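Undergrad: Got a structure here, written out as structure tokens. Questions coming.
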């Protein structure tokens, strides 16, 4: 298992700050220790984190958990995910009763990251250089 420290920010707050509508200190954000889960598709958070970030629920999605059990999850407004000098934006799934934050494959690709299984850490796909293929 690989765990990494992330900063999660309300992406709408970030946009409002960029437009001068709110101060940078008003951006709702939280630091989390996330489990990197390449079997998960996206960012998975719990209800407490959703509320702390002030993220509205924009829909619901049926998902299959790792044990194949179906679950209905809330989908949130966009979240900015920051890891070291990289960031990406994605919607989060809210899984009730979740104790860990999961960082899945889509945000990993969005930050051009992969898991180094030997050293059990995240690394850049191309080292320290961010290169995306289009």
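Only the coordinates and a few stated rules stand behind these numbers; no lab work does. The model shown is predicted, which means the values in this text are computed figures rather than measured ones. We place every Cβ from the backbone using ideal geometry, glycine too, and count neighbours over all the protein chains shown.
Undergrad: Running a GNM on the chain with Cα contacts under 10 Å, which residue among 112, 46, 67 ends up with the highest mean-square fluctuation?
TA: Result for the chain, Cα springs under 10 Å: 67 fluctuates most.
Undergrad: Rg over Rh of the chain, using C-alpha atoms and the Kirkwood radius, what does it come to? List each step's numbers first, then the result.
TA: Details: Rg = 15.0 Å, Rh = 15.4 Å.
Over the Cα atoms of the chain, Rg/Rh equals 0.97.
Undergrad: Based on other C-beta atoms within 10 Å, arrange 88, 99 from fewest to most. Can you show the working numbers first?
TA: On the way: 88 18, 99 6.
The fewest-first ordering by Cβ neighbours comes to 99, 88.
Undergrad: Nearest 500 deg cm²/dmol is fine: what mean residue ellipticity at 222 nm does the chain get from its DSSP H runs of n ≥ 4 alone, each adding -39,500 (n - 2.57), divided by its residue count?
TA: -4000 deg cm²/dmol
Undergrad: Based only on other Cβ atoms within 10 Å, what is the fewest-to-most ordering of 98, 111?
TA: 98, 111
Undergrad: Mean-square fluctuation check for the chain, GNM, Cα pairs under 10 Å: which of 89, 30, 118 is largest?
TA: 118
Undergrad: So for the chain, averaging the separation of alpha carbon pairs under 8 Å that are six or more residues apart and normalising by length, what relative contact order in percent results? List each step's numbers first, then the result.
TA: On the way: 273 pairs, mean separation 37.5, N = 134.
Reported relative contact order: 28 percent.
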